[in-house]
Amino acid sequence: MDNEPKPVNGEVFSILKHDVKNQLSNIQLALEGLKYEVEDKDADVKLYLDSITQSAKKIDDLLNNIQ
């Protein structure tokens, strides 16, 4: 069985990229809301939220740089 990744059709990739970016936007908006809710209340929770936000931003940057 061939385990090599198959090339993705440009149109399929564009649709996939669009769908992933939409979900990523939802995650980022929810994180911003949570940060607002825990502002000055729990430093540990804010630290975790900041870490998740940074990871989401990195994913977004990766998607923006893929052709």
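The values are calculated or read from the model by the stated rules, or taken from the named source; none is laboratory data. Keep in mind that what you see is a predicted model, and the values were worked out from it rather than measured. Here Cβ is always computed from backbone atoms with ideal geometry, including for glycine, and neighbour counts include all displayed protein chains.
Restricting attention to segment 27-44 and to residues that are among the aliphatic types (A, V, I, L, M) and either at pLDDT 85 or above or touching a His at 6+ places or on another chain (Cβ under 7 Å) (or both), the residue that is nearest to LEU16 (Cα to Cα) turns out to be ILE27. Look at segment 43-55: where a residue is in contact (Cβ under 8 Å) with a residue 40 or more places away in the chain and assigned to a helix (DSSP H, G or I), no partner that is surrounded by 15 or more Cβ atoms within 10 Å (Cβ to Cβ) and β-branched (Val, Ile, Thr) sits 6+ places away or on another chain with Cβ atoms under 6 Å.
Against the conditions (1) in a helix (DSSP H, G or I); (2) modelled with pLDDT under 90, VAL20 satisfies every one except (2).
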